[in-house]
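Contents: one structure, followed by commentary.
Each reported figure results from applying straightforward, stated rules to the coordinates on display, with no laboratory input. Being a predicted model, the structure only gives us computed values, none of them experimental. Positions of Cβ are backbone-derived with ideal geometry, glycine not excepted, and every protein chain shown enters the neighbour counts.
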Amino acid sequence: MLCFILVLALAISGLTAMADSNPDQVVNFSDQPADYRALYAAEMASALANARARAPGQSQLSAVARGDFSGYQGSKADNSLKVDYKVTDSVVAVGEKVTCYITMTWDYGQLTYSYGGLVLNGDFEEVGELTPKDNPPTFVTTESGPGRIGRAFSFTPTSAGYFNFLFILEEGNGNKLALTTPTVQVYEGEEPSYSGAVTDEVIPDDIPKPDYEQNRLGVFVSTDRQSTKVGTEVAAIASFTTKHDPVQYMATWTLEDSSGNVLDVKTTNGEVNASAGKAEVQLTYLPLQQGDLQLVITATDGYDNAATINTPWIDVADGFYFTARLNRISAMMAGEAVTATYEAFGHSCPSTAYYVGWECYDAEGNTISTDAQTVPGSAGKVTYTPRQGQGLEFYFGATCEHIGNAQPCLVQIALIGAIEAELNLTATTVQSGQPIGVNYTLDGGLTPYQRLVVRGYSKDTARNKTYQFFEQTVTEAEGAVSGTPYLGNEVYFELEVVERDGVSTTWTSPKATMTGSPMVTEPTLTASVSQTRVLPGEQVSLDYKMTGGSGTLNKSGASYLQWKNEDGTILEKKTLTRVSGTESITLTEEGTFFAELVLTDGYNQRITWTSEPIVVSKDAYLPGDANEDGSVTVADALLVMQYTAGWSVSLNKVNADVNASGGVDVQDAILIFRQGAGEDVIR
């Protein structure tokens, strides 16, 4: 009985992702749930029963000529999981490769899939099967959803017989599919005819193992490419035959530079049993540097037969290879931070510049926000907090004068709960001095919100000047407010949302046209405090005057005076209703204080002023220091003389009255002059 042996060569076809598609990861078949393994066994049994029921290809070819037939194709679906396949031929010669192209589409979570095959001899006796349990690299998982991927699986038969391709799939929502292709016939010699019937004899369950005629160890190796570039994986199939198990092997990938210096070595040790047929091992290597690559396999069997085989050198061309991953899986909440880890390998020169970026996009794939930056090295971490959209993409790439802009690495993730807001004006035109309102709605984000503020603005586009005419803190995520603008020719509102993590986002309404705006000047403000160094309990007064503008103050609380200490704490606040006046405060505690004045005229033109530091101290006075510069000099005497002559000058009267007469006169100036000249006359 001929033994039917297949050489499996897995070739990954083009991959098209509807969402993020991470690299395939090897998963142990034995770790899968029992119902999953049972599904695989049941599908394998079904494939055998179908193959024995009739000669493959006969019913399909009864009405058409062999030359018009191009293979099998079909489709199968289970709710959100769908599989389409096509087999390139139905009847092939020994040594002729047959490929099954399969496209998998799913809607939920991760996709898990495995493939195998059922091997029959010319009498439809089962002589073997290729299963995930026997071939761990053929069982993979892809973290993604929804998604779409394509794969190609090829078999090259070495003797006459039959085989079926078989696939098992499961997606994250629990939907499963088992798919067996029609049986492919393998012939040797003359192409078979397409008539006749299949024997109905009972096939025994126990199939004898083939008897090898030679007592030797065979090692064969083939690679999927003769050249590659940095970042493109090389795959090899190592085949072993022997009469004496086990076969122990060592596979070594060696990457060297042009001078023969070793850049990298990867070694894999393993053991297989090959006495029942050809045992195959898949070996891969991902080059991360430019150079020359070779695979060397050394093997010994249980009879101490030994063999070594080297592949031809594979040229690895220069290039970049990027990796990137996020610390989130599948989806994340908008408003929460995500960290990306990235690293580049391969080409490097002084002109190489690395960059990272984030893009948020909506349900239609339109980019709605971006954040890009250059990074100092080829590896690192960056953190980003997305606020809007339904998807997030992180990319990492490089530019170089030799290679140009290298294709960046992309990682995508879904966003959930992005904040959305809408503002609609109650009118498209408004008269100056008349109220206008806005309706607002807010949804999503990190609720409850920390603060919601609606502000109204009018703008004079000719002067490029903006006036704030309204501000109100609101508590509801939906409502309506209104205000009265005066100046400019455009009106709009803004909604500022401060989320619970302190991040602020602002939405702007459409603009309305304003007419009848008055022609006014901008207001000016003059102000001063009576003294800047005082004793505790002493009074400080403030004089102010606003000129220009509307000539009146906004009396809605938009004009005020507040006294603050140096850390910003407000000691006293008073609403102002007049354009000029005098205000005072008694400061009882030592420290540094400020007066802050905010005046808003009747047209919502605002102007502010902050005083110099006011120092309150028990040592606030220095007799003779009329100008309060901290020392007594001739300049203080000159200032006192100007004051006594009637000049409009500012001085510290307490410091200037050195003779304690109750007033400032020429005698004080003389004493200060003598003190400044070096005499000790002031006590």
Query raised in the report: Which loop trypsin sites (Lys or Arg not before Pro) in segment 413-522, with loop taken from DSSP, have no more than 13 other Cβ atoms within 10 angstrom of their Cβ?
Result: R463, R500
Report summary line: Label model pair I329, I309: point-to-point distance (7 angstrom along the Cα→beta-carbon line) in nm is 3.9
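With r as the distance between the Cβ atoms of E566 and S631 and R0 = 25 Å, compute the FRET efficiency 1/(1 + (r/R0)^6) and round to 0.05. Don't jump to the answer; show the numbers that get you there.
Details: r = 24 Å, r/R0 = 0.96.
Taking R0 as 25 Å, the efficiency between S631 and E566 is 0.55.
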Report summary line: The FRET efficiency for L535 and D362, from their Cβ-Cβ distance with R0 = 45 Å and rounded to 0.05, is 0.10
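Considering only segment 522-644, what is the antiparallel percent among its DSSP beta bridges, to the nearest 5? Walk me through the intermediate numbers first.
Working: 34 of 36 bridges.
Restricted to segment 522-644, the bridges split so that about 95 percent are antiparallel.
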Report summary line: Counting only DSSP loop positions in segment 574-682, the chymotrypsin sites (Phe, Trp or Tyr not before Pro) whose Cβ has at most 11 other Cβ atoms within 10 Å are W647
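Run the dipole for segment 405-532 about the Cα centre, Lys and Arg Cβ at +1, Asp and Glu Cβ at -1, nothing else charged, and hand back the magnitude in debye, nearest 20.
Numbers: 7 positive and 13 negative charges, 83 e Å.
Dipole magnitude for segment 405-532 comes out near 400 debye.
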Query raised in the report: For L263 and D619 in the same chain, what is the full-extension length gain: residue separation times 0.36 nm, less their Cα-Cα distance, in nm?
Result: 120.6 nm
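Determine the gain in length on full extension of the stretch A414-T341; use 0.36 nm per residue of separation and subtract their C-alpha separation, reporting nm with one decimal. List each step's numbers first, then the result.
Numbers: separation 73, 0.36 × 73 = 26.28 nm, distance 1.78 nm.
Once the chain is fully extended between A414 and T341, it gains 24.5 nm.
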Query - For a label point 7 Å along the Cα-to-beta-carbon line of R500, residues of segment 419-440 with backbone N under 17 Å - result: 419-420
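Pop the C-beta distance of W647 and T461 into the FRET formula with R0 = 56 Å and round what comes out to the nearest 0.05. Write down the numbers at each step before the final one.
On the way: r = 48 Å, r/R0 = 0.85.
Working from the Cβ atoms, E equals 0.70.
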Query - segment 349-507, relative contact order in percent, only Cα pairs under 8 angstrom and at least six apart counted - result: 18
Query raised in the report: Measuring from label point to label point, each 7 Å out along Cα→Cβ, what is the N489 to V94 span in nm?
Result: 9.1
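For V681 and V296, compute 0.36 nm times the residue count separating them, minus their Cα-Cα distance, and round to one decimal in nm.
Working: separation 385, 0.36 × 385 = 138.60 nm, distance 10.33 nm.
Using 0.36 nm per residue and subtracting the Cα-Cα distance, I get 128.3 nm.
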